[in-house]
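So the structure is just underneath, and the comments pick up after that.
Bear in mind that the values in this text are calculations on the coordinates, not laboratory data. Given the structure is predicted, the values throughout are model-derived calculations rather than measurements. Ideal geometry is used to build each Cβ from the backbone, glycine not excepted, and the neighbour counts take in all protein chains shown.
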Amino acid sequence: MDSFACDGSRASSYNITFCPSTAMSRLLSIPASQALQPALAPISHQNLTSNTSKGKVHTALMIAFPTAAGILIFILLGIYLYISKRKAIKTFNVQTDEMQRFVDSLQFDFNRIRLATHNFAVNNKLGEGGFGEVYKGELEGGQQVAVKRLSKNSVQGIAEFQTEIVLVAKLQHKNLVKLLGYCASPKESLLVYEFLPNSSLDKFLFDPAKKSSLDWQTRFNIISGIARGLQYLHEDSRIKVVHRDLKSSNILLDEDMNPKIADFGLARLFEVDQTQGDTKRIVGTYGYMAPEYAITGHYSVKSDVFSFGVIVLEIVSGQRNRFFRRLQLDEALLHRAWRLWNEDEPLNLIDTELGDNFEEEEVLKCIQLGLLCIQENAIDRPRMTAIVAALNGQAIRLPTPKPPHFFGSAVVDEATDMADEYPAPYVHTGNENITNVYSRD
């Protein structure tokens, strides 16, 4: 109830009573600061509960989706790997089957080879090496062949025989000898090659009566052909091959004196990205072995590069390189070539048989390439790609050669076992010519 006073003399005072409803009375009796709380409290609690539930759902989804995606990716990856493996196995089997069919197609009947060689007649024998004997033969159509016959006492065995079949069957290049077929009977293991009438390089190069037919242009063409063949083996073929027994007697010459690399019985197959191999059984011919291979058993494509360098210097000089021991004062070919280069007299290395009939620039280039190939550290030796480019006349700046490895200074035959320097179980070398093919005079 409120009282109001009226102004004026005649005014009277009145009392006015306001009577609110029951609900309004309760509302007016609550302090203003708390008036909204009862109404808002239930709404706030409801929203909080809703937001909490939504947060939990969101968190669950944040965890579930990545987990499910990861599981799905893992499953898909597993399926992909499974399919890829099955496909790779299928491809490998197809390739293996194709290669096996190809190898099978090369198989000769033993009686056919026996008839071609007149029962391996003595007068058809061309040579003999670590593999065994080599015979000349003539097939039914008149095609001449060279037959390598695995000896029971051969330095090389069945493993080398199978290696040569597979490798040569896969390799096709004009500077590699061509395999025509093979025979693997219970008692005989034979390889049938194209017959090359001019025999091997060493039969010309180190024979005073024949070397006169090797003018400089022929020698340079032989060097270039060997380089192209090695480039194919190391870099251009579908499989990388390290020959491990490259030497002048394993370079065969066709009727036009074109060189063909032969004898892959000791070769090793490398993976695409493989750079080096190791062996405890050192095989090959001293005088052509790279020092890291002869001493430690490490071999690589640079081992073949070393052997190529030796052959180049042999072709230029007309002299055979021999393995040298200590205690003798004879000078090895490689060391003589290095000394003459250092003394600025490299032309004194040239075979006197050539006289003045040579291209000085080509000769100097070959000597420098030969010295670069025989450097002691394998990493310093050039790749065959660079060598072929230089021989083809491309403008390539050749570095200054570093010294070759000095094994010693005493001459021995390549077939000599170096038992006093290398333990016998770890070193094995065949005769001077593991396969020595030459035609009869």
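Per-residue Cβ neighbour counts within 10 Å put Ser185, Ser307 in the sequence Ser185, Ser307, beginning with the fewest. Each residue of the range 236-251 is assigned a 3J(HN,Hα), and the resulting list reads 9, 7, 5, 10, 8, 10, 9, 5, 6, 9, 6, 7, 5, 6, 9, 10 Hz, derived from the Karplus form 6.51 cos²θ - 1.76 cosθ + 1.60 (θ = phi - 60°), x at Gly and Pro.
Going by neighbour counts of Cβ atoms within 10 Å, the residues Asp215, Asp256 line up, fewest first, as Asp256, Asp215. Spin-label model, Ile73 to Thr352: label points 7 Å out along the Cα-to-beta-carbon direction sit 7.8 nm apart.
Ordering Val363, Val122 from the fewest to the most neighbouring beta carbons within 10 Å gives Val122, Val363.
Applying 1/(1 + (r/R0)^6) with R0 = 41 Å to the Cβ-Cβ distance of Thr400 and His118 gives a FRET efficiency near 0.15.
Stokes-Einstein diffusion of the range 309-391 at 10 °C, 1.306 mPa s viscosity, Kirkwood radius from Cα pairs, rounded to a whole number: 118 µm²/s.
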